[in-house]
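Undergrad: Structure provided below as structure tokens; questions to follow.
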Amino acid sequence: MAERTIKDRTAIVGVGATTFYRHGQSEPHTKMELGCRAVLSALADAGLSVDDVDGFALYSGGGGFDTSLAAQTLGIPEVRFTAGLTGGGGGAAGAVGLAAAGIVSGQADVVVSLMTLQQPAGGRFGSAFANKGGTYSAPPSPEKDFIVHSGLMGPGQMFAILTQRHMHEYGTTREHLAEVAISTRENARNRESALMRTEMTVEDYFSARMISEPFCLFDFCLECDGAVAVVTTTAERARDLRQPPVYVTASAHGGAGAWGQAITWMGMPDEIFASSGHRSVATRLWEQAGLGPHDVDVALLYDHFTGMVLMQLEDYGFCPIGESGPFVAEGNIRYHGGTIPVNTHGGNLSEAYIIGFTHVKEAVEQLRGTAVNQVPGAEVALVTGGPAPIPVSALVLRSAP
Amino acid sequence: MARTPPTSLVDLHPDASTEPFWIAASEHRLVCARCADCGTRRMPPSPFCPVCRSDRVEWDELSGRGHLYSFTVARHALMPDMRESLPHVIGVVELDDAPGIRLVANVVEVAVDAVVIGMPLEVRWDDVPQSAVSVYRFVPS
């Protein structure tokens, strides 16, 4: 039996995106229209056409991008593979790993992964775990009965609780959270695509209104509409296409069983409570890649909330557990002068929140050498999805096997 | 002082596994599911023990004492009818006689600025008007 691996057997060959809008500003465009525009843009980037597409590998339901409707809307000749990771934004990076799995197993040749996001009319994700009365509410469940009464219904509140514990255990401070917000804003300032381009000072950060302690307004990501798509195919075919191939070197998703529902239950074991939930996934990722954190030139870390960037830096081994605060305070994640530039595109915090899929696009641009904030000579990129309930996910991409 | 979110949020959808917890709650008794075979406690109540996979459950009545494991202070109304209930403290409370078992609940009868991780707490039951349901909050002990 051949070695069971996806390592470097596929490559991302096209990326595309729509304009990014503040939430609720994308009408009269529809979710399907935004998604299809991103797909067409990614195919044009690759030098491929809709006639070449035969698969979809999604996460979080593609944001409502239904394969059956997309297939007839775009006129795809034959759908051979359509699958999605379970869960929500935690699957962002893993969707590309799923595409690779579909291709390496011979089920499809050209697989699209995407997120198209248009928040429900008047709806916001801030109360996503409310039963009723929230502007965007998920269905009730027997498990949720145990938390909803407390008013715990927003992801920002949930991750604030993990961050508060991290501060207690390791001495992390709001100044450390501020450095994540400020360094990410710096990276967005020169980008046409970014929604937040004005400078953020430490004073700006500390004068922002408190939402859910220890998180203030600037610890939260943006709320946006828009779509991002990427196209993955075999490494062989990739070498004949328009763009330099960006090889899918490794991908892992899932998480420790005891992480489980994580933020929506808070029963995680003490040793991983104040973590990103990525620790076991990171171990598998590095093993699969045959690489480690010191090999990474640029890290695109899912940044729905500042504190969770800190915990990912620890779980992926960029610094020891508990030391991410001082690590960022030393300037290590800055584009200018940092040892590991993080979210060079401005991330979910300052460019746009398309549930983490802008991170995949940025990784590809970095490895092609065409990024707006190009890391000189970047050859290896890490992309993550989540912190979230299982699954969280990760991806190692590189410019040459 | 820390306030409480509206009791309209206490909106139960119990199943066979969780119903005994809420029946005990209506009697102001805090109970916890325990595997009848290997003795591992688990919450939320679920059909199988995550350690030995037995489906046999027994219920322990707990003292209601615990300590604050982590928390957030909610200062933004996620829903319009929360505006009158800010700020409120959403706590994760580890129970003293069920180590490792935690409940998410409001911490009340305390100044918001006095809330710290590790503070000792005890349960307070709030009856929900026009229903037979009661909900657990925690107060400093």
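Undergrad: Compute the semi-axes of the equivalent ellipsoid of segment A:1-96, taking the square root of 5 times each eigenvalue of the Cα gyration tensor, and list them largest first in whole Å. Write down the numbers at each step before the final one.
TA: On the way: eigenvalues 118, 58, 39 Å².
Three semi-axes, in Å: 24, 17, 14.
Undergrad: Right, next: How high is the relative contact order of chain B, given as a whole-number percent (alpha carbon pairs under 8 Å, six or more residues apart)?
TA: Details: 289 pairs, mean separation 37.3, N = 141.
For chain B, the relative contact order is 26 percent.
Undergrad: Same structure again: Could you pull out every Cys in the protein assembly as shown that lacks a partner Cys with its beta carbon under 4.7 Å away?
TA: Cysteines lacking a close Cβ partner in the protein assembly as shown: A:Cys36, A:Cys216, A:Cys221, A:Cys224, A:Cys319, B:Cys32.
Undergrad: Here is a follow-up. Just to be sure I understand the model, the point goes 7 Å from the Cα along the line to the Cβ. What's the resulting B:Ser46 to A:Thr201 distance in nm?
TA: The two pseudo-label positions are separated by 5.0 nm.
Undergrad: When the solvent-accessible surface of protein heavy atoms is calculated with a 1.4 angstrom probe, in what order do A:Thr5, A:Thr358 fall, highest first?
TA: A:Thr5, A:Thr358
Undergrad: Nearest 10 degrees is fine. How inclined is helix A:31-46 to the longest principal axis of chain A, computing both from alpha carbons?
TA: 60
Undergrad: Turning to a different aspect of this structure: Averaged over peptide A:178-189, how many Cβ atoms belonging to another chain are found within 10 Å of each residue's Cβ? If you can, show how the numbers build up before the last one.
TA: Working: counts 0, 0, 0, 0, 0, 0, 0, 0, 0, 0, 0, 0.
Rounded to a whole number, the mean comes out at 0.
Undergrad: May I ask you to derive the FRET efficiency for B:Asp127 and A:Arg242 from their Cβ-Cβ distance with R0 = 60 Å, giving the value to the nearest 0.05?
TA: Numbers: r = 68 Å, r/R0 = 1.13.
Working from the Cβ atoms, E equals 0.35.
Undergrad: Kindly express, to the nearest 10 degrees and within the range 0 to 90, the angle between helix A:155-170's C-alpha long axis and the longest C-alpha principal axis of chain A.
TA: Roughly 60 degrees between the two axes.
Undergrad: Starting from the eigenvalues of the Cα gyration tensor, five times each then square-rooted, give me the equivalent ellipsoid semi-axes of segment A:136-252, largest first, whole Å.
TA: 34, 24, 16
Undergrad: Could you work out, residue by residue across B:73-84, how many beta carbons of other chains sit within 10 Å of that residue's beta carbon, and then give the average as an integer? All intermediate terms of the calculation are to be shown ahead of the outcome.
TA: Details: counts 8, 12, 7, 11, 2, 17, 10, 2, 1, 5, 0, 0.
The shielding value for this peptide is 6.
Undergrad: Excluding same-chain pairs closer than 8 in sequence, count the lysine pairs in chain A whose Cα atoms lie under 28 Å apart.
TA: Step by step, the pairs that qualify in chain A add up to 4.
Undergrad: What nm distance separates the two modelled labels at B:Asp15 and A:Ser141, each placed 7 Å from Cα along Cα→Cβ?
TA: 0.9
Undergrad: Just the number: Rg to Rh for segment A:277-401, Cα atoms, Kirkwood Rh, two decimals. Walk me through the intermediate numbers first.
TA: Numbers: Rg = 13.1 Å, Rh = 14.3 Å.
Across segment A:277-401, the Cα-based Rg/Rh ratio is 0.92.
Undergrad: Measuring from the lowest to the highest alpha carbon on each principal axis, how far does segment B:29-141 reach, largest first, in angstroms?
TA: Cα extents, longest axis first: 46, 34, 22 Å.
Undergrad: Using +1 on the beta carbon of Lys and Arg, -1 on that of Asp and Glu, and nothing else charged, what's the dipole of the protein assembly as shown about the Cα centre, debye to 20? Before the final figure, lay out the partial values.
TA: Working: 39 positive and 60 negative charges, 101 e Å.
Roughly 480 debye, rounded to the nearest 20.
Undergrad: Another question, then. Using a cut-off of 12 Å between beta-carbons, work out the net charge of the residues near A:Val202 (Lys and Arg +1, Asp and Glu -1, A:Val202 not included). Please report the intermediate quantities before stating the final value.
TA: On the way: positive: A:Arg174, A:Arg185; negative: A:Glu175, A:Glu179, A:Glu199, A:Glu203, A:Asp204.
Cβ neighbours under 12 Å give a net charge of -3.
Undergrad: Right, something else. Among A:Thr370, A:Leu58, A:Leu310, flag the residue with its Cα farthest along the positive direction of the charge dipole of the protein assembly as shown, charges on Cβ as +1 for Lys/Arg and -1 for Asp/Glu.
TA: Selected residue: A:Thr370.
Undergrad: Sticking with this structure for a sec: If amide hydrogens are placed 1.01 Å from N in the peptide plane, which non-local residues have theirs closer than 5 Å to the one on B:Ser70?
TA: Residues meeting the criterion, in which the H sits 1.01 Å from N, are B:Val92.
Undergrad: Restricting to chain A, what percent of DSSP beta bridges are antiparallel, rounded to 5?
TA: Working: 35 of 46 bridges.
Antiparallel bridges make up about 75 percent of those DSSP assigns within chain A.
Undergrad: Lys/Arg Cβ at +1, Asp/Glu Cβ at -1, dipole of segment A:163-270 taken about the Cα centre: which of A:Ala256, A:Val228, A:Ser207 is farthest positive-ward?
TA: It is A:Val228, whose Cα lies furthest towards the positive end.
Undergrad: Add -39500 (n - 2.57) for each DSSP H run of 4 or more in the protein assembly as shown, then divide by its residues: what number comes out at 222 nm, to the nearest 500 deg cm²/dmol?
TA: On the way: 14 runs with 131 residues, N = 542.
Theoretical 222 nm ellipticity from helices: -7000 deg cm²/dmol.
Undergrad: Where the convex hull is taken over the Cα atoms of segment A:246-288, what is its projected area averaged over directions, in nm²? Don't jump to the answer; show the numbers that get you there.
TA: Details: hull surface 14.3 nm².
Approximately 3.6 nm², given one-decimal rounding.
Undergrad: Same structure again: With angles folded into 0 to 90 degrees, how steeply does helix A:94-104 sit against the dominant principal axis of chain A? Use alpha carbons for both and round to 10.
TA: The helix A:94-104 is inclined about 20 degrees to chain A.
Undergrad: Sticking with this one: For segment A:9-148, what is the charge dipole size about the Cα centre, in debye to the nearest 20, if Lys and Arg each add +1 at the Cβ and Asp and Glu each add -1 at the Cβ?
TA: On the way: 8 positive and 11 negative charges, 100 e Å.
For segment A:9-148, the charge dipole is close to 480 debye.
Undergrad: Something else now. Using only atoms on other chains, find how many Cβ atoms lie within 10 Å of each Cβ of peptide B:100-113 and report the average.
TA: Mean number of neighbouring Cβ atoms from other chains: 3.
Undergrad: Using R₀ = 45 Å, calculate the FRET efficiency as 1/(1 + (r/R₀)^6) where r is the Cβ-Cβ separation of B:Arg29 and A:Met210; round to 0.05. Don't skip to the answer; put the middle values down first.
TA: Values: r = 37 Å, r/R0 = 0.81.
Taking R0 as 45 Å, the efficiency between B:Arg29 and A:Met210 is 0.80.
Undergrad: Heavy atoms only, probe 1.4 Å: what % of the accessible area of chain B goes to carbon and sulfur, would you let me know?
TA: Values: 3050 of 6160 Å².
About 50 percent, which is the carbon plus sulfur part of the accessible surface.
Undergrad: When only alpha-carbon atoms are used, what values of Rg and Dmax, in angstrom, describe the protein assembly as shown?
TA: My reading of the Cα-based Rg and Dmax gives 23.4, 71 Å.
Undergrad: Report the relative contact order of chain A, percent, no decimals, based on alpha-carbon pairs under 8 angstrom and at least 6 residues apart. Spell out each step's value before the answer.
TA: Working: 988 pairs, mean separation 100.1, N = 401.
Normalised by residue count, the contact order of chain A is 25 percent.
Undergrad: 5 Å is the cut-off here: which amide hydrogens, built 1.01 Å from N in the peptide plane, fall below it relative to B:Val57, excluding neighbours closer than 5 in sequence?
TA: Under 5 Å from the amide H of B:Val57 lie the amide H atoms of B:Ala36, each far enough along the sequence or on another chain.
The values are calculated or read from the model by the stated rules, or taken from the named source; none is laboratory data. It should be emphasised that the depicted structure is a prediction, and the values quoted were computed from it without experimental measurement. Every residue, glycine as well, gets a Cβ built from its backbone with ideal geometry; the counts of neighbours run over all protein chains shown. Protein only, heavy atoms only, side chains kept; ligands, DNA and RNA dropped before computing areas. Shrake-Rupley method; radii C 1.70, N 1.55, O 1.52, S 1.80 Å.
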